[in-house]
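Worksheet for the structure shown next.
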Amino acid sequence: MTAQAMTKGVGGSDAATELAQLKDRLSHCHPIPENSLHQRLDRLRSRMREAGLDAIWLNAGTNLNYYTGLRWPATERLVGALVTASGGLTYLGPAFETGTLEGFMRLSAPLAVWEEHEDPCAVLARLDAAKGCLGIDPTTPLVTANAIARAWQGETGDAAEAVLSGRMVKDAEEIALMQATKTATLQVHAAVARILRPGISTGEVTEFIHAAHKAVGAPGGSTFCIVLFGPDTAFPHGVAHPKTLEDGDVVLIDTGCAIHGYQSDITRSYVFGAPTDRQREVWDAEKACQLAAFQAAQIGATCSSVDAAARTEAERRGFGPGYTLPGIPHRTGHGIGLDIHERPYLVGGDETPLEAGMCFSNEPMICVPGEFGIRLEDHFYMTPTGPRWFTEPSYAIDDPFG
């Protein structure tokens, strides 16, 4: 293959060279400050009172992190916090984890503990603040939620609306953290494109992306990574036995990282070699659908109308209709924050009106079974005057990184 036939910015380098050139883009980032955490709890308590909830159980995971700053994974051992509408906050966890839990706390509050032989739900129900109607975090596993409900001395219910609605609108601090992660991941995308060569495996590419994310300052490296070549790219989330790279293959790479819990999630699709007319047609259609969704994302418009705009453009170009293939097999986008996928969603049936501060992926992927798929995924956030890109969309199929 001649250099003139190769897509610009693809191939011609190696992993060692590219890793050496990557620069830290995340060390300047700071976690969400404590005063913001207090404000989140205040707003949560206001919603609790409106919903008639006296207390809410926040289970270990991103909801606990969002409202208290305590980052702790959910396991079979019960960890979380009881928040009361009257202003209380009490953590709960295993006694042997006391020192570790206290070290991770961002907000000072009492820690109630349970020993290994005890029922932690019973310990929760015996707290002084454990009174009235309890709303249970929607991410709490069913077996745990049922155990809490049995132990609780009053009414229990679903706290999904009170807990999750507060996370849909991001503040400037959250947007800044996501801007940093997305900028870093886009740098990784450009670097990985340059190391591609015939015969390279998806595993080798994935390992490079993980190392590259660490090089740009993400402590955990990649939070996820999808690498697909050729016909495999028609399967949005991969195949059981991925192929190695050949000349003329479409390349699809979807990856992200996190800083202080806030996520990036960017996909690039391009050709290793010279694009065919068919590849160019589908790539251009994908870019047009992405732009149609972006332009439809205006303050007050519904999430479903953004999805509809992408599908209307796809159908105008001969794809679809609806989820019919060749066409767009999944939703146009998802909210993003501490979770890679979170409410609201750019999909038919989600009638949530867009507000300033909402953040979304924009990825109306076009799949052509038996040939290839093209997914261009960038994210935008809503401002009072409309959408704004976190990262500029891919420039052209011949020059994907512009």
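The values are calculated or read from the model by the stated rules, or taken from the named source; none is laboratory data. Please read all numbers here as calculations on a predicted model, not as lab measurements. No Cβ is skipped: glycine too gets one built from the backbone with ideal geometry, and neighbour counts run over all protein chains shown. Accessible surface areas use protein heavy atoms only, side chains included; no ligands, DNA or RNA. Shrake-Rupley method; radii C 1.70, N 1.55, O 1.52, S 1.80 Å.
Table for the structure above
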quantity: Compactness of the chain, expressed as Rg and Dmax over alpha-carbon positions, Å; calculated: 23.2, 75
quantity: Ratio Rg/Rh [Cα only; Rh per Kirkwood] for region 231-280; calculated: 1.07
quantity: Percentage, to the nearest whole number, of Cα pairs in region 33-150 over 25 Å apart; calculated: 13 percent
quantity: Among V306, L252, S201 the positive-end extreme of the charge dipole of region 169-313 (Cβ point charges); calculated: S201
quantity: Reach of K8 by Cα under 27 Å, taken over lysines that are not fewer than 8 positions away in the same chain; calculated: K23, K182, K214, K243, K287
quantity: Region 32-46 - phi-based ³J(HN,Hα) in whole Hz, Karplus 6.51/-1.76/1.60, Gly and Pro as x; calculated: 4, x, 4, 5, 5, 5, 4, 5, 4, 5, 4, 5, 4, 5, 4
quantity: Neighbour net charge for P219 - beta-carbon separation under 15 angstrom, K R +1, D E -1; calculated: +2
quantity: Positive minus negative residues near S305 (Lys, Arg vs Asp, Glu; Cβ under 11 Å); calculated: -2
quantity: Among G256, G357, G300, residue whose mean-square fluctuation peaks in a GNM of the chain (springs only between Cα atoms under 10 Å); calculated: G300
quantity: 0 to 90° range, to nearest 10: angle between helix 277-296 axis and the chain longest Cα axis; calculated: 40 degrees
quantity: The chain: angle of helix 202-215 to the longest principal axis, Cα-based, in degrees nearest 10; calculated: 60 degrees
quantity: Portion, in percent, of the accessible area of the chain that falls on carbon or sulfur, probe 1.4 Å; calculated: 53 percent
quantity: Local electrostatic count, R375, Cβ distance below 9 Å [Lys/Arg +1, Asp/Glu -1]; calculated: -3
quantity: Fluctuation leader among T75, T302, T181 - the chain, Gaussian network, Cα springs under 10 angstrom; calculated: T75
quantity: Candidates T324, T62, T140: whichever shows maximal mean-square fluctuation once the chain is modelled as a Gaussian network with Cα springs under 10 Å; calculated: T324
quantity: Simple label model, 7 Å out from Cα along Cβ direction - T100 to V169, nm; calculated: 3.8 nm
quantity: Ratio of the Cα radius of gyration of region 331-375 to 2.2 N^0.38 Å, where N counts its residues; calculated: 1.36
